[in-house]
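Structure first, commentary second.
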Amino acid sequence: MKQQAQHTPPFTEGINRVDGIMKVTGAAKYSAEYELPGMTYAVFAISNITKGTITSIDTKAAERAPGVLAVLTHLNAPKVPGYEAGKDPSKPPTTGGPLKFFVDNSVKYNGQPIAMVVADSFERATYAASLIKAQYNKQQHETDTEKNKFKAAAPKGGRNGGDYKRGTPDDWKAAAVKVEQEYVVPINVHNPMELSVTLAHWTADDKVTVYAKTQGVKSTQNAIAQAFKLPVENVQVTTKFVGGAFGNALRTWPHEIATVQAAKLVKRPVKTVLTRELQFNTVGYRPYTWQKVSMGASADGKLTGIIHEATAQTSSFEEFTEGTVNMTRFMYACPSVGTVYKITPLDVNTPTWMRGPGEATGAFALESAMDELADKLGIDPIELRIRNHADTDPENGKPFSSKNLKEAYEMGADKIGWSKRKLKPGTLTEDGWLIGYGMGTGVFGAGRGRATVKAALLDNGTLLIQTSVTDIGVGTGTAMTQIASEIFTGIPVKKIKFELGDSSLPPSPTQGGSTITSTVGGAVHDACTQLKEKFQQLIGNGGTDKPDYVKVLKEKNLPQLEVTVTSSGSTEMRNFSSYSYSVHFVKVKVHPKTGVVRVDNVVSVADSGHIVSPKTARSQIIGGAIGGIGMALMEEGIMDHRYGRYVNNNYADYHVPISADIPQIDALFVNKPDYRVNPMGAKGMGEIALIGMSAAVANAVYNATGKRIRELPITPDKLLS
Amino acid sequence: MKQFQYIRPATQQSVLDAITKPGTKILAGGSNLIDLMKRGVTSPDKLVDIQKLPLRGISQNKGNVMTVSVGALELNSAVAENKIIKESFPLLSMALNAGASPQLRNMATVGGNMMQRTRCTYFYDTAMPCNKREPNSGCGAMEGINRMHAIFGTSEKCIAVHPSDMCVALAALDASVEVKSKKGTRYIPFTEFHRLPGETPQLDNTLATGELITRVIIPHNNFAKNSYYLKVRDRSSYAFALISVAVGLDIRGGNINEARLAMGGVAHKPWRLKAAEQFLKGKPATVANFEEAASLAMQGAKSFGHNDFKLKMAPASIIEALSNAAKLS
Amino acid sequence: MKDLDKGFQADENHEPKENARRDFLKKSSLLTAVALTPGVAVKAAENHLDEKVAAAFEKMPVNITVNGKAHKLSIEPRVTLLDLLREQLHLTGTKKGCDYGQCGACTVHVDGQRVNSCLTLAMTVDGKKVTTIEGLAKGDELHPMQEAFIKHDGFQCGYCTPGQIMSAVACIREGHADSETEIREYMSGNICRCGAYPNIVNAIQEVKNGGQQV
């Protein structure tokens, strides 16, 4: 490959993933892989109408099928006590009421579980579920966001409600150069490799152990405790490994409660593994979102006004909102900005946060529009961004805790060879392919929440660190080990043991929103620092940098020395705006005859503070970039609105990138610490790895072809028309 | 999946005896059949695993007409890698390697590839109408999401496409199919093996009940030097074709002595472009002639909305594939 | 595993005693129907003698060697190799990502060839040798591909990793690792949703170029 020479050689710096050996040998146990005596398997029968009521349901054949222990429907399912009390057992981060399975005969979306079969083998449960037949009273349904945009309204609650306005946003209309365009991001589905799993085992009448695929064991524990009216400590949730989630395991979904309910009924462990089809409409998705960006600039490229409007889908029973338009408020130094965010309820299941939530959707529109504006102005798109760089947060006037975006632009531009880019689109070719360069910026809030960490020095020389956080694959265990090893420089990495994914451990927040390295890392830092101090006190003055911990503990007759520390961000943070930034650079090749797009080169630069764990951080940036390429070029959950049913709910028809789509990717880090956020100076990077990438690809495609695709994904057919 | 009876006979005779009974399916590689059974699209009472039959091997036959015979149980990967195939019919090798994934090619057999069913989503989802899966239940795709669907040879009943890449190449190569039954042996020209949907879209091909595909025979040709298989798809690999084009050219002194062209992703069967082949015969290998051939090939094409783009993509792909085969680009 | 393999024979020309089986099934469903009380959601399968008898008819004997260990089993013919490995042999290193041959997480070697175990009926590997991720290392000594995956961080969540590694080993053995482009193409049957592809390609190249025995 020609391009290989220009890339950084394979990067192997930094400590290896601490769970690497477990993962490469198959020893890592994901939630479906616990072996429990008398295990049973649950499989759902689903509705094939979209809206209406079940008038009758025939479960006889299923009940008679070999191996079947129970068939749960709304007619016979034992009551979930927390449901009856009218509480929301899964306590979603949204207003409205979450769906509950088997409580009444209503059908609210196509594919909604209408019965659950529990049998002694997976094959038998699956077959029996196929025998269930239901009759419905069908009602007219609506699943098409475009068609139902007129019904959209501002959300009633949540953080993203309400219009925003500063200055006189309509000023864009009077500007010398204007862009007014509509953009569409279709449904994207998280589609992690691991299917959603709940394995519930009642160990006593009032005690349940659950192995769950969740991003937060504590939140799952609370949801189950509330649903079944159990003391929280009677619910044990274990999640040692998560096979990717990207947001779809952020909340407790109704099928998880149903599994716990079924296990109580059959008095045996019940395992539910959702099929790939059900990943599309049971555990959330990135909502279809229509956007319009109107912006104006003076002839010298200074923004005068921006209006960013968005309308997204939600379900008929819950409001789901995300920060789609929020980035536009503070990204550029523009005196007049207005944002409008609306949602429209449809007969679908509720969307949920998917990697780079909201911002990824918003950045596609904003960063595409910026590219369009640069094109109209006839200036380089990076130059346009630099001319409108916000030195302080224009939304609230606060200084940024750190911002090295200009440096990031420079690093990325150098690396990709931005100087080879032609201002005029469609003018560069290589071997008969059209060549284009594009870039896009990503941004996401960088904060620090509260976490509790227990750190202990054991007399066998181990430094044991414990907290309930999960690792969905991003390398939390590795980063935390790295943080601890930088404080306990005398303890080899191999002797540091980070225990996670267990609700009985000290509480950490749910993994999501790019906060874990900051929040849990901050607490690990604080706990280790205090433990070190405690040890210093133990040995008195005269301690060395690398004391013999084992010897001292043994001498003092202490099996272990421990601290438990709860910590969170400083109050100083309130005086600053704090964000992580990314800049994605892409070189694409477009086949002029067939419209096929190939990503030829990618450089992603992260301005996310100090890089704690270089090896896993690099992988996270690369992974996010690839997710963004998928969003740009191929991902789309397609529904046949006549039926309200997905037509591509599998990995063959819903395309995610495969190896042949992806070139070598350079992940670069500005790597300047921001100690205002946390003592490591680290900011999050999970979201920014993806945010802005889809615009970078679309902008590169425009640069290659002169065709501006404003509706993702950019499939070959769109470039032919 | 419904329980079924599984047998693995050791002789062809026992297989031929077994497959005459209704509700019986032949299992070879299983890469499509097991998938369909998992989704309840097909629920056989009995599977006859034919892996014990000696239907493997690739051999050259130097009789009156030189031919290459490929056993029906030969794996897709083995055929693609085979020296004889790579040298004599690189088009077939290219097409096979464009299909599925390395793992699936290690499972899928030649006969099984021919027997694979459409990937039409309405066919796969038993909650949707589909005349192919359930005659007279209607066609969901006609007015539905039909981006992947046919533009040639459609009927009121069905607009599904055959998903194979291998078959597109074999159609272009004028292969024939040897089939055996209790009545004896017969040979079906490859282009007549698959059929158009017409009034009976439930029938994918012309194989009769009780018949077993035993081998595919490919006649010698002079296309080896100028062959190309172009597959246009939504991602770079492991995806079904939006459009695929198989080209074999016999070019002598810049003139096309003989041309073979077939398309995938456009019809219920591999779609031979006879008019275009006829046109190219004797003409110089130029882009202008390729453009003319492509426009001839497109006569009679009809799209259904989401697949309108195929009316543009197909001729563009024909020109691109021809240019590649002729080494013009 | 209970030895209930007195059902029909799979092989050769021994047709099962279909009539006997049909008679039984008729009787069995009659029994079941009688035993079922309408409105009762739970029935205790273990109380059903007929099910044990049914198993004798529904299950078939199969001999499979997994990672060098011979297993003599009795299984329903509809059980896939993937589910057999995960649910019956408790070899959970092989993953289920889609169950339809669309992701590669279930990749194992059968007689040395990489295949999707989710679309492989366990019956069809009768007499064959299966290698899973658990069988790749020699005791504590990791296979070079496992080492390279760790070094190059060829994974994040790790769920696709066993399939990727089994595929990567096969990719080299097949002779399809001669260039970066070729590796990418021949690794395209294994989806990695976390997006570790470049690292995986680097890992395979290192093993290939290192000339280690794979």
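The values are calculated or read from the model by the stated rules, or taken from the named source; none is laboratory data. Please read these numbers as outputs of a predicted model, since none were measured by experiment. Glycine also receives a Cβ, built like all others from the backbone with ideal geometry; neighbour counts cover every protein chain displayed. We work out accessible area using only protein heavy atoms, side chains counted, and drop any ligands, DNA or RNA first. Shrake-Rupley method; radii C 1.70, N 1.55, O 1.52, S 1.80 Å.
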Fill in: Conditions (1) within 30 Å of B:C120 (Cα to Cα); (2) within 14 Å of chain C (Cβ to nearest Cβ); (3) open to solvent by less than 20 Å² (accessible area, probe 1.4 Å): number failed by A:Q664
(1)
Worksheet item: Is there a residue in the range A:147-166 that is closer than 26 Å to A:I114 by Cβ and part of a loop (DSSP other than H, G, I, E, B)?
Response: yes
Item to complete: Test C:M187 against the criterion of being under 15 Å from the mean Cα position of the chain (by Cα) and either closer than 30 Å to B:Y6 by Cα or within 7 Å of another protein chain (Cβ to nearest Cβ) (or both), and give yes or no.
Response: no
Worksheet item: Which of (1) open to solvent by 40 Å² or more (accessible area, probe 1.4 Å); (2) without any contact (Cβ under 8 Å) to a residue 60 or more places away in the chain does B:V65 not meet, given it meets every other one?
Response: (2)
Worksheet item: Of these, A:R251, A:R268, which one is part of a loop (DSSP other than H, G, I, E, B), out of contact with any Lys or Arg (no Cβ under 9 Å at 6 or more places or on another chain) and open to solvent by 10 Å² or more (accessible area, probe 1.4 Å)?
Response: A:R268
Worksheet item: Are there any helices (runs of 4 or more DSSP H) wholly within the range B:255-325 with 2 or more residues that are farther than 22 Å from B:P201 by Cβ, open to solvent by 20 Å² or more (accessible area, probe 1.4 Å) and touching a residue at least 40 places away in the same chain (Cβ under 8 Å), and if so which?
Response: B:310-325
Response to the item:
By residue number, the members of the range C:168-179 that are open to solvent by less than 10 Å² (accessible area, probe 1.4 Å) and either at the interface with another protein chain (Cβ under 7 Å from one of its Cβ atoms) or among the aliphatic types (A, V, I, L, M) (or both) are C:A168, C:V169, C:A170, C:A177
Discussion item. Restricting to the range A:546-600, give me the number of residues that are more than 14 Å from every other protein chain (Cβ to nearest Cβ), within 30 Å of A:T715 (Cβ to Cβ) and among the aliphatic types (A, V, I, L, M).
Written reply: 2
Worksheet item: If you check A:T328 against the conditions, is it touching a residue at least 12 places away in the same chain (Cβ under 8 Å), over 21 Å from A:Q181 (Cβ atoms), open to solvent by less than 10 Å² (accessible area, probe 1.4 Å) and touching a Leu at 6+ places or on another chain (Cβ under 7 Å)?
Response: no
Discussion item. Kindly evaluate A:T478 against the criterion of being outside the structural domain of A:K615 (by TED's automatic domain parsing), in a loop (DSSP other than H, G, I, E, B) and not small (G, A, S).
Written reply: no
Worksheet item: Would you say A:F228 is more than 12 Å from every other protein chain (Cβ to nearest Cβ), aromatic (F, W, Y) and either open to solvent by 40 Å² or more (accessible area, probe 1.4 Å) or touching a residue at least 12 places away in the same chain (Cβ under 8 Å) (or both)?
Response: yes
Discussion item. Please go through (1) among the small types (G, A, S); (2) in contact with a Pro (Cβ under 7 Å, 6 or more places away or on another chain); (3) within 14 Å of chain B (Cβ to nearest Cβ) for A:S721 and return the number of the only condition it doesn't satisfy.
Written reply: (2)
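One line per residue, one yes/no per condition, for (1) open to solvent by less than 50 Å² (accessible area, probe 1.4 Å); (2) at pLDDT 95 or above; (3) of a type in the set (K, R):
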position: A:K138; (1), (2), (3): no, yes, yes
position: A:N148; (1), (2), (3): yes, yes, no
position: A:R159; (1), (2), (3): no, no, yes
position: A:V185; (1), (2), (3): yes, yes, no
position: A:M193; (1), (2), (3): yes, yes, no
position: A:L199; (1), (2), (3): yes, yes, no
Item to complete: Considering every residue within the range C:142-160, establish whether at least one is within 14 Å of chain B (Cβ to nearest Cβ), under 20 Å from the mean Cα position of the chain (by Cα) and not hydrophobic (A, V, I, L, M, F, W, C).
Response: no
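Looking at the range A:667-696, which of its residues are outside any loop (DSSP other than H, G, I, E, B) and open to solvent by less than 10 Å² (accessible area, probe 1.4 Å)?
Residues satisfying the conditions are A:A682, A:M693, A:S694, A:A695, A:A696.
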Practice prompt. Being assigned to a helix (DSSP H, G or I) and either open to solvent by 10 Å² or more (accessible area, probe 1.4 Å) or free of Cβ contacts under 8 Å to residues at least 40 places away in the same chain (or both) is the filter here, so list the residues in the range C:192-201 that pass it.
Written response: C:Y197, C:P198, C:V201
Worksheet entry | Tally of residues being assigned to a loop (DSSP other than H, G, I, E, B) and over 22 Å from C:Y100 (Cα atoms) across the range B:1-55 | 12
Item to complete: Check A:A310, A:A299 and return the single one that is more than 14 Å from chain C (Cβ to nearest Cβ), in a strand (DSSP E or B) and either free of Cβ contacts under 8 Å to residues at least 12 places away in the same chain or not polar (S, T, N, Q) (or both).
Response: A:A310
Worksheet item: What are the residues in the range A:272-302 that are over 25 Å from the mean Cα position of the chain (by Cα) and either surrounded by fewer than 24 Cβ atoms within 10 Å (Cβ to Cβ) or not assigned by TED's automatic domain parsing to the domain that holds A:Y183 (or both), if any?
Response: A:S294, A:S298, A:A299, A:D300, A:G301, A:K302
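Let me confirm something: among A:I626, A:I622, A:I638, which residue is more than 12 Å from chain C (Cβ to nearest Cβ) and either open to solvent by 20 Å² or more (accessible area, probe 1.4 Å) or modelled with pLDDT of 95 or more (or both)?
A:I638
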Response to the item:
The condition from (1) open to solvent by less than 10 Å² (accessible area, probe 1.4 Å); (2) within 14 Å of another protein chain (Cβ to nearest Cβ); (3) touching a Phe, Trp or Tyr at 6+ places or on another chain (Cβ under 8 Å); (4) touching a residue at least 24 places away in the same chain (Cβ under 8 Å) that A:S659 misses is numbered (4)
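Quick check, is A:G167 surrounded by fewer than 21 Cβ atoms within 10 Å (Cβ to Cβ), at pLDDT 95 or above, touching a Pro at 6+ places or on another chain (Cβ under 7 Å) and not charged (D, E, K, R)? So that I can check it myself, show each step before the final result.
On the way: surrounded by fewer than 21 Cβ atoms within 10 Å (Cβ to Cβ): yes; at pLDDT 95 or above: yes; touching a Pro at 6+ places or on another chain (Cβ under 7 Å): yes; not charged (D, E, K, R): yes.
Against the criterion (surrounded by fewer than 21 Cβ atoms within 10 Å (Cβ to Cβ), at pLDDT 95 or above, touching a Pro at 6+ places or on another chain (Cβ under 7 Å) and not charged (D, E, K, R)), A:G167 qualifies.
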Item to complete: Return yes when A:E233 is outside the structural domain of A:S508 (by TED's automatic domain parsing), of a type outside the set (V, I, T) and closer than 24 Å to A:E123 by Cα and no when it is not.
Response: no
Worksheet, complete the sentence: Contact list, first residue from the range A:526-537 and surrounded by 18 or more Cβ atoms within 10 Å (Cβ to Cβ), second anywhere and among the polar types (S, T, N, Q), beta-carbon distance below 8 Å, six or more apart or interchain, is A:D526/A:S567; A:A527/A:T564; A:A527/A:S567
Worksheet item: Which numbered condition trips up B:S77, out of (1) of a type in the set (S, T, Y); (2) more than 24 Å from B:G264 (Cα to Cα); (3) within 12 Å of chain C (Cβ to nearest Cβ)?
Response: (2)
